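Written out below as structure tokens is the structure these notes cover.
The values are calculated or read from the model by the stated rules, or taken from the named source; none is laboratory data. Everything numeric here is computed off the predicted structure, so don't read it as measured data. No Cβ is skipped: glycine too gets one built from the backbone with ideal geometry, and neighbour counts run over all protein chains shown. Surface areas here come from the heavy atoms of the whole protein model, side chains and all, with no ligands, DNA or RNA. Shrake-Rupley method; radii C 1.70, N 1.55, O 1.52, S 1.80 Å.
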Amino acid sequence: MALTPMMRQYLSVKEEFPDALLFYRIGDFYEMFFEDAETGSRELELVLTGRDCGLEKRAPMCGIPYHAAETYICRLVDKGYKVAICEQLTDPKEARPLVERGVIRVVTPGTVVDQSMLDEKQNNFLLAVVVDGSKAGLAYADVSTGECMAMEISGGMPQIACELTRIEPREIITSAESLPALSALKYPVALSAYNTPVWKYTAAKKRVLEHFHAQTLAAFDLDGQKLAVSAAGALLEYINDTQRNAMEHLRTLRRVYTGQYMVLDATARRNLELVRTLRGTTGRGTLLGLIDKTVTAMGGRLLHGWVEQPLGTKEAIEARLSCVEELLSSPIRMHDLRETLREVRDVERIVGKIAYNSLNPQHCLALGNSFSCVPKIQRLLADCQSGALCALRDKLDPLEDISARIAKMIDPDAPSLMGDGGFILAGYSSDLDELRAAAKNGKDWISAMEQREREETGIKTLKIPYNKIFGYCIEVTKSYYNLVPLRYVRRQTLSNCERYTTPELQEMEKQILGASERSIRLEAQLFAELKQTLSEAIPRMQQTAEALKTLDALLSLAQVADENRYVRPEITEDGAIEIVNGRHPVVEQMLQGDSFVPNDTTMNQQ
């Protein structure tokens, strides 16, 4: 027996993604077949069915509704699976003989972008590592925000282990040669060998320069950092392979220097309880839980990174302390800045949705509202003195053109789902207004016809509802069959009623549905034009997001200092530590009413 055309198509797609569960779109469902179906049925606790596919035995099949896919994908990814999403690429109504399908992206633990699968105040890093003796190259990115970094380290596997605990990746990819060494670390996340020639320096360099549109590696200060470049090239290649070109928000590559921050091993991090307690819990009982007063998700992620990566140079520490001190010196301004920032949404991750083509009208409104807060923040920072604060203020771009267009175009009450239209404001497009008017007038005509037919026929319960399959029909219940006029043409018989039509109703149906379909298509076209404009503004939006989240993190530190009466330390480089009336921030908070006894500490090199 020969395989059916659809099953041949399925197997052809599956062959490209043997290590992923294939979600194959059929109508309103994602279906899994054969071994994928058995795995999906077991892991998701779904009923395993079957489908004739041209073989002697029915193919095992398991499916989920497409609109609920997020939940199921989240469960599978949490269990360590990869999910390849195969969509219908042509309209089933027009496709002959078979709907064209293709994988639009592969969801892995390190490439998750759906909000329900992410911690809003923690980055979701994908890490690429290549090992060469005692040296290693690391590159990591958060595809939900567009952040991308690379570094080169020495010190062998102990140093790599330190970096893993700092970065906290959700997924690690490496070369086949480096896999045994990394496996020995037993770091508890998905680890796999990624087979690509881009691990080689020459290919990796080309990949990096092409993606970031740079002429030389000097643009990233990566000259001579061959292992870092190799890791960065492989990382970009992997993201491209799995995300299918959703990379336009990965605009910069930042080099990380180990000398810029304090290196802490896993034991030190655990005992210091920076972001987790000794019991593994987050929040209360940790340093981050105490100092995180951020009011934006972006600021929360940045502060988390600051705690995991303490500054290691006096200059950088003093610059940050100067910002906090100046903010603390003006309580009213600090309050106004925090209240204004509360209106700022997660711009970084919304920008990621632009790149992934998953933007909806609600996201656009969130962008517009966020950028409308920027002018007030600029005014509040107008007279700041700290060099770092002035730099933040100058980086802010209010993006008035973007905010104005969104406000003019998107209905404030727009639905998040776009399939039925209705999210573009009246008055934005005269063509759209005309189509909507035609559809509305037609529906008013239907209502009038319904009332007229009731009066003419005497059928008091007569209705003219809309059905997706049969369109508009005149519906008559059993008790009134004897009053049905001969001009009615039967279309469908149900258990408790009959459905009819007339030439007049059919003609009006064509006009209504034609106008509605054209208006929905036009809305989609107008929204696509808006997305293109937003895509071109990604660098500006990311720059503003960077400034906003940094300001939020600094304000959080200032707020904590104000609430707990902390003072600015004096940083010296003579090797001595002298603390007068020192207080342990976390222990003091955990005592809950019992007075903490401050103590002095003196340490020197003698």
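Summary of values
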| quantity | calculated |
| --- | --- |
| Elements of type helices (runs of 4 or more DSSP H) in the stretch 327-419, at least 2 residues being modelled with pLDDT of 95 or more, out of contact with any Asp or Glu (no Cβ under 6 Å at 6 or more places or on another chain) and more than 22 Å from Gly300 (Cβ to Cβ) | 331-341, 361-371, 374-380, 387-395, 400-409 |
| Residue count for the stretch 510-525, restricted to those that are open to solvent by less than 20 Å² (accessible area, probe 1.4 Å) and more than 14 Å from Lys440 (Cβ to Cβ) | 1 |
| Breaking point among (1) open to solvent by 10 Å² or more (accessible area, probe 1.4 Å); (2) of a type outside the set (A, V, I, L, M, F, W, C); (3) assigned to a strand (DSSP E or B); (4) closer than 29 Å to Thr282 by Cβ, for Gln159 | (3) |
| Residue that is most open to solvent (accessible area, probe 1.4 Å), among those in the stretch 480-491 that are aromatic (Phe, Trp, Tyr) and part of a helix (DSSP H, G or I) | Tyr481 |
| Only listed residue being within 23 Å of Val344 (Cβ to Cβ), open to solvent by less than 40 Å² (accessible area, probe 1.4 Å), of a type in the set (Ser, Thr, Tyr) and within 23 Å of the chain's Cα centre (by Cα), chosen from Thr296, Thr252 | Thr296 |
| Top-ranked residue in the stretch 7-16 [being crowded, with 17+ Cβ neighbours inside 10 Å and in contact with a Lys or Arg (Cβ under 9 Å, 6 or more places away or on another chain); ranked as modelled with the lowest pLDDT] | Met7 |
| The stretch 254-277 residues that are under 13 Å from Ala161 (Cβ atoms), paired with ones that are crowded, with 16+ Cβ neighbours inside 10 Å (beta carbon under 6 Å, 6 or more apart) | Val263/Cys162; Asp265/Cys162; Ala266/Thr165; Arg269/Thr165 |
| Residue match in the stretch 317-326 (condition: assigned to a loop (DSSP other than H, G, I, E, B), open to solvent by less than 40 Å² (accessible area, probe 1.4 Å) and at pLDDT 95 or above) | no |
| Count of residues meeting criterion [crowded, with 18+ Cβ neighbours inside 10 Å, in contact (Cβ under 8 Å) with a residue 40 or more places away in the chain and outside any loop (DSSP other than H, G, I, E, B)] in the stretch 450-476 | 1 |
| Filter result (more than 28 Å from the chain's Cα centre (by Cα) and either aromatic (Phe, Trp, Tyr) or open to solvent by less than 70 Å² (accessible area, probe 1.4 Å) (or both)) within the stretch 278-292 | Gly285 |
| Segments classed as strands (runs of 3 or more DSSP E), wholly inside the stretch 44-109, with at least 3 members that are open to solvent by less than 40 Å² (accessible area, probe 1.4 Å) and among the aliphatic types (A, V, I, L, M) | 59-65, 83-88, 101-107 |
| Whichever residue in the stretch 162-198 is part of a helix (DSSP H, G or I) and of a type in the set (D, E, K, R) and, among such residues, is least open to solvent (accessible area, probe 1.4 Å) | Glu163 |
| Filter pass, Leu138 being open to solvent by less than 30 Å² (accessible area, probe 1.4 Å), of a type in the set (A, V, I, L, M) and touching a helix residue (DSSP H, G or I) at 6+ places or on another chain (Cβ under 8 Å) | yes |
